[in-house]
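The values are calculated or read from the model by the stated rules, or taken from the named source; none is laboratory data. No experiment lies behind these values; they were computed from the predicted model shown. Please note: Cβ atoms are built from the backbone with ideal geometry, for glycine as well, and neighbour counts cover all protein chains shown. Remember, those area values only see protein heavy atoms, side chains included, never the ligands or the DNA or RNA. Shrake-Rupley method; radii C 1.70, N 1.55, O 1.52, S 1.80 Å.
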Amino acid sequence: MSAEATTDERAGILLVDDMEDNLVALEAVLGSLNEPLVRARSGEEAMKALLRQRFAVVLLDIRMPGMDGFETAANIKRLDQTKDVPIIFLTGTDADAGYAFRGYATGAADYLTKPFDPWVLRAKVAVFLDLHRKNRQLEQVLAREQERFDDLAARLRKIETQLAAATPQDVLELRHQVRQMEELLKEMRRGRGL
């Protein structure tokens with residue numbers, strides 16, 4: 001799928017490998033998750049894709065020509081826009097034992113050797129997809145809450161302006177508005193468990 005096929009509502013999965021057969025295998029294993037699968041054949045392509053859209057998880061081959069997986073991961077973790085994207089490193093079974101340590105030290109969330117168990121890979125990716133969805137929901141809740149706080153701040157500024165030129169009758173109305181806002185704040189605090 002192309003980068004344009006994803007939306008904010010769907011969590012993209014970035015597949016990074018220089019070998020066509022590996023990309024095809026990953027697509028076959030992860031296709032049933034019904035989320036956009038975006039290919040990158042190099043670390044450079046991966047970085048471009050990550051800057052164009054949000055991803056729930058990156059599956060990253062370690063051994064690639066040019067920018068290898070470790071360097072790609074370091075670049076992902078270096079940028080504010082991409083630093084929180086989880087990375088699952090994938091590498092061949094003949095890989096150096098120090099690769100796992102180096103992968104985790106670079107910021108990987110997980111590390112799998114090829115050939116990998118398709119069920120295990122799908123389950124791990126599903127967990128990151130779920131976390132991504134929950135983070136998006138939390139962001140939306142926080143944005144709505146921020147709007148409510150902004151509304152309250154605007155109402156308070158209006159009351160302050162009215163108080164500066166208030167008559168005794170105006171003061172009674174302003175007190176009523178303040179009580180309404182206090183009730184709204186109590187309700188918001190109850191919603192947050194404060």
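How many residues are more than 19 Å from Asp84 (Cα to Cα) and touching a Gly at 6+ places or on another chain (Cβ under 9 Å) if we restrict to the stretch 38-54? Here the count works out to 1. The C-beta contact set for the stretch 55-82 (first residue farther than 19 Å from Lys124 by Cβ and assigned to a loop (DSSP other than H, G, I, E, B), second residue open to solvent by 10 Å² or more (accessible area, probe 1.4 Å) and of a type in the set (Ser, Thr, Tyr), distance under 7 angstrom, 6+ apart or interchain) comprises Met64/Ser42; Gly66/Ser42; Met67/Ser42. Could you go through the stretch 89-97 and let me know if any residue there is in a loop (DSSP other than H, G, I, E, B), open to solvent by 30 Å² or more (accessible area, probe 1.4 Å), aliphatic (A, V, I, L, M) and touching a helix residue (DSSP H, G or I) at 6+ places or on another chain (Cβ under 7 Å). No: zero hits. Being within 21 Å of Asp18 (Cβ to Cβ) and in contact with a strand residue (DSSP E or B) (Cβ under 8 Å, 6 or more places away or on another chain) is a property that Ala100 has. Specify the residue that is surrounded by the fewest Cβ atoms within 10 Å (Cβ to Cβ); the eligible residues are those in the stretch 49-66 that are under 19 Å from Met19 (Cβ atoms) and of a type outside the set (A, V, I, L, M). Going through the qualifying residues, I end up with Pro65. Set side by side, the residues Met19, Met1 differ, and just one is open to solvent by 10 Å² or more (accessible area, probe 1.4 Å), more than 20 Å from the chain's Cα centre (by Cα) and modelled with pLDDT under 95, which is Met19. Annotation note: of Gly107, Gly66, the sole residue that is touching a Lys or Arg at 6+ places or on another chain (Cβ under 6 Å) and at positive phi is Gly107. Taken over the stretch 145-188, the criterion of being open to solvent by 50 Å² or more (accessible area, probe 1.4 Å) and of a type in the set (Gly, Ala, Ser) is satisfied by Ala164, Ala165. Tell me the residue from Arg175, Arg179, Arg136, Arg157 that is under 19 Å from the mean Cα position of the chain (by Cα) and either of a type in the set (Asp, Glu) or assigned to a helix (DSSP H, G or I) (or both), please. Among Arg175, Arg179, Arg136, Arg157, only Arg136 is under 19 Å from the mean Cα position of the chain (by Cα) and either of a type in the set (Asp, Glu) or assigned to a helix (DSSP H, G or I) (or both). For the stretch 27-48, enumerate the residues that are open to solvent by 20 Å² or more (accessible area, probe 1.4 Å), in contact with a strand residue (DSSP E or B) (Cβ under 6 Å, 6 or more places away or on another chain) and part of a helix (DSSP H, G or I). The one that is open to solvent by 20 Å² or more (accessible area, probe 1.4 Å), in contact with a strand residue (DSSP E or B) (Cβ under 6 Å, 6 or more places away or on another chain) and part of a helix (DSSP H, G or I): Glu27. Annotation note: Cβ proximity below 9 Å between a residue of the stretch 142-170 that is at pLDDT 80 or above and a residue that is open to solvent by 80 Å² or more (accessible area, probe 1.4 Å) (sequence gap 6+ or interchain) occurs for Glu145/Arg192; Arg155/Gln180. Screening the candidates Ala109, Ala123, Ala153, Ala105 for the property of being hydrophobic (A, V, I, L, M, F, W, C) and either under 30 Å from Gly191 (Cα atoms) or in contact with a Leu (Cβ under 8 Å, 6 or more places away or on another chain) (or both) yields one hit, Ala153.
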